[in-house]
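What follows is a set of notes on a single structure, which appears directly below.
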Amino acid sequence: MNEIVSKLSPGATKLIRMDHTHVLSNFHRYEMDAPSDKKRAIVNVICLGLEVHAQIEEEIFYPALEEVSTDDEVLAKSKPEHDEMRRLIGELRSMEPADEAYDSKVLELMRDVMHHVADEETVLLPAAELLLKDRLSELGAQMTKRRMELAGPHAAEIALNQARAMPGATMLVAAGGLLAGGYLLKQAFSHRHH
Ligand SMILES: [Fe+2]
Ligand SMILES: [Fe+2]
């Protein structure tokens, strides 16, 4: 299994960029005049995706970069920014889409995430590509494995929310999301053993 994960995983920085693109595209699907259940479904997909993404960065990517980085300013504020994001996620989960402040809370989270993503993509990822060049694929494999562990128990919930959030043809786009890595690996794994 390890060898397959290594072969199929994108490198660490590629994986992080793909996650960012995916979560931002989910924010773009959020419409203020959509029905409550659709809003809730999109927000659920966003929140779970962000939680898993933040956790694999904190467990694997940030520590690896910390070891080699000399300029820690952006890195140092990354964890507190994740914590702020988690606080907003907690608030959103305790709210109803019909609440007056729901839309603005979603937009607040989006603003924070865009700012954080911009810092990562313009500072941390280029630094990692320079300083961790030889470790990117190994770290990507570790992150893919950890993501499967974290997202796996939520697979049914993710599929349901994605179906609710993006019915019809856009489900194909959803396949580029959280579950795609796991799906790809399962396919590869079962081919090998059949
Ligand atoms: Fe990130
Ligand atoms: Fe991050």
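The values are calculated or read from the model by the stated rules, or taken from the named source; none is laboratory data. Quick caveat: nothing in here was measured; it's all calculated off a predicted structure. Quick reminder, even Gly has a Cβ in these numbers, built from the backbone with ideal geometry, and neighbours come from all protein chains shown. Just the protein is used for accessible areas: all its heavy atoms, side chains included, with ligands, DNA and RNA removed. Shrake-Rupley method; radii C 1.70, N 1.55, O 1.52, S 1.80 Å.
Here are a few things to note about the model shown:
- Long-range neighbours under 7 Å by Cβ, at least six apart or interchain, first residue modelled with pLDDT under 95 within region 83-98, second part of a loop (DSSP other than H, G, I, E, B) and β-branched (Val, Ile, Thr): none
- Note on region 49-76: among residues that are among the polar types (S, T, N, Q) and more than 13 Å from ligand 2 (Cβ to nearest atom), the one that is surrounded by the most Cβ atoms within 10 Å (Cβ to Cβ) is SER69.
- Applying the condition of being assigned to a helix (DSSP H, G or I) and open to solvent by 20 Å² or more (accessible area, probe 1.4 Å) to region 34-48 and asking which residue is nearest to ligand 1 (Cβ to nearest atom) yields ASN44.
- Check on GLU31, free of Cβ contacts under 8 Å to residues at least 40 places away in the same chain and either assigned to a helix (DSSP H, G or I) or open to solvent by less than 30 Å² (accessible area, probe 1.4 Å) (or both): no
- Hits in region 109-135 (condition: farther than 21 Å from GLU51 by Cα and surrounded by fewer than 20 Cβ atoms within 10 Å (Cβ to Cβ)): THR122, VAL123, PRO126, ALA127, GLU129, LEU130, LEU131, LYS133, ASP134, ARG135
- Residue check, LYS14 part of a helix (DSSP H, G or I) and modelled with pLDDT under 95: no
- Failed item, numbered, when MET18 is tested on (1) out of contact with any helix residue (DSSP H, G or I) (no Cβ under 8 Å at 6 or more places or on another chain); (2) over 20 Å from ALA155 (Cβ atoms): (2)
- Residue tally, condition among the charged types (D, E, K, R) and at pLDDT 95 or above, over region 47-76: 4
- Test for LYS79: is it of a type in the set (Lys, Arg) and open to solvent by 40 Å² or more (accessible area, probe 1.4 Å): yes
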